[in-house]
Amino acid sequence: MKILAIGDIVGNKCVDYLADRLFLVKQELGADMVVANGENASDIHGISAKNATDILSAGVDVITLGNHTFARKDICEILGGDYNVIRPANYPSLVPGIGHITVEVCGYRILCMNVMGTALMEPMACPFETVENILNAEKGNYDFSLLDIHAEATSEKIALARYFDGRINIIFGTHTHVTTADEQILPRGTGYITDLGMSGPVNGVLGTDASVVIERMRTKIPTRFVIADGEIKVNGTLFELDTDTRRVKSVRRVKF
């Protein structure tokens with residue numbers, strides 16, 4: 001079974017880009033499932049309900065989110081429920097949505113989880129304890145599992161991956177918008193990469209118009225960010241899972 005994980009989607013143009021290309025890419029890669037982080041799909045901050053449904057229609061099976069989850073309030077209408085859109089599970093329980101969902105792929109039940117880091121990020125519940133609680137609560141209800149760690153610190157992502165090695169099949173990081181070169185299979189069979197990278201305009205700064213970012217950094221004056229123009233690329237990672245041994249057999253970066 002092959003699972004394609006796509007890095008942070010930035011901007012409406014990237015949503016359209018996925019709609020034009022993703023089905024063909026899935027076919028070429030032989031991907032049985034696609035999971036994508038969509039928290040910046042609505043031109044920099046947040047994701048609207050329309051963006052989310054468009055991404056799902058483009059061929060994404062599960063959307064994960066992050067620290068900009070609630071930047072667009074209408075996303076609350078489709079968090080969880082009948083839509084495969086999950087937000088970090090370590091948000092306070094009072095907020096809308098759910099942090100994990102189980103979907104069926106190739107006759108197998110895939111537990112998809114989303115958690116946010118706490119180092120250099122907003123104060124949240126402990127991601128280690130949050131994921132542990134999900135695994136305990138869902139024990140026996142899934143066949144394979146994956147986790148999106150939306151975090152700033154690479155050390156936190158790696159620590160979480162090492163801690164859950166062999167207990168979660170696929171673990172990947174999002175948020176920094178820069179693809180890391182450490183794709184690997186951990187000792188107990190978990191497929192891992194620290195950051196999937198960004199899906200969006202490549203000529204800006206993390207998807208944002210470069211001139212705006214540079215001006216803000218030089219002057220320290222708050223400036224409204226706008227999406228960059230130009231070429232769009234999607235960054236992701238393809239994980240191949242051996243359903244007999246329950247170990248990941250290959251991990252490779254993908255760009256299209």
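Here, each number is a calculation from the coordinates, and none is a lab measurement. Source: prediction; values computed, not measured. Positions of Cβ are backbone-derived with ideal geometry, glycine not excepted, and every protein chain shown enters the neighbour counts.
So here's what we get for this one:
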{"quantity": "Theoretical ellipticity at 222 nm over the chain - DSSP helices of four or more residues, -39500 (n - 2.57) apiece, nearest 500", "calculated": "-7000 deg cm²/dmol"}
{"quantity": "Other-chain or far-sequence residues with amide H under 5 Å of residue 48's (modelled H)", "calculated": "42"}
{"quantity": "For Rg and Dmax of the Cα atoms in Å, calculated from these coordinates, the label among [x] 18.1, 65; [y] 17.1, 57; [z] 18.1, 55", "calculated": "[y]"}
{"quantity": "Pairwise label distance in nanometres, residue 246 with residue 211, each label 7 Å out on the Cα-Cβ vector", "calculated": "5.6 nm"}
{"quantity": "Cα-Cα over 22 Å, subset of 50/220; 26/233; 50/73; 50/255", "calculated": "50/220; 50/255"}
{"quantity": "Vicinal HN-Hα couplings computed from phi for the stretch 230-243 (Karplus, 6.51 cos²θ - 1.76 cosθ + 1.60; Hz; Gly/Pro x)", "calculated": "x, 4, 10, 9, 10, 10, x, 9, 9, 10, 9, 10, 7, 6"}
{"quantity": "Karplus (6.51, -1.76, 1.60) ³J(HN,Hα), θ = phi - 60°, over the stretch 217-224, in Hz, Gly and Pro reported as x", "calculated": "5, 6, 9, 6, 8, x, 9, 6"}
{"quantity": "Sorted by Cβ neighbour density within 10 Å, fewest at the top, the residues 126, 76", "calculated": "126, 76"}
{"quantity": "Label zone at residue 105, where the point sits 7 Å out along the Cα-to-Cβ direction: the stretch 130-144 residues whose backbone N lies under 12 Å", "calculated": "143-144"}
{"quantity": "Distant-in-sequence amide H partners of residue 109 (H built 1.01 Å from N, under 5 Å)", "calculated": "143, 144"}
{"quantity": "Stretchable slack from residue 122 to residue 139, in nm (0.36 nm times residue separation minus alpha-carbon distance)", "calculated": "3.2 nm"}
{"quantity": "Residue 163/residue 71 FRET efficiency (R0 45 Å; Cβ-Cβ; nearest 0.05)", "calculated": "0.90"}
{"quantity": "Centroid-to-centroid separation of the stretch 132-180 and the stretch 1-24 [C-alpha atoms, Å]", "calculated": "21 Å"}
{"quantity": "Highest-fluctuation residue, 140, 197, 207 considered, GNM on the chain with Cα pairs under 10 Å", "calculated": "140"}
{"quantity": "Candidates per trypsin sites (Lys or Arg not before Pro) in the stretch 3-109, loop by DSSP, up to 16 other Cβ within 10 Å", "calculated": "none"}
{"quantity": "Separation between Cα centres of the stretch 45-74 and the stretch 235-256, rounded to whole Å", "calculated": "24 Å"}
{"quantity": "Förster-model FRET efficiency, 35 Å R0, residue 21 and residue 220, C-beta, rounded to 0.05", "calculated": "0.35"}
{"quantity": "For residue 67, net neighbour charge (Lys/Arg +1, Asp/Glu -1) across residues whose Cβ lies under 15 Å away", "calculated": "-4"}
{"quantity": "For residue 9, residues with placed amide H under 5 Å, excluding near neighbours", "calculated": "37, 38, 39, 40, 199"}
{"quantity": "Pairwise FRET efficiency - residue 93 versus residue 229, Cβ, R0 = 51 Å, nearest 0.05", "calculated": "0.80"}
{"quantity": "Net +/- balance of residues flanking residue 166 in space, Cβ distance below 12 Å, scoring K and R +1, D and E -1", "calculated": "+4"}
{"quantity": "DSSP beta bridge pairing in the chain, given as percent antiparallel to the nearest 5", "calculated": "50 percent"}
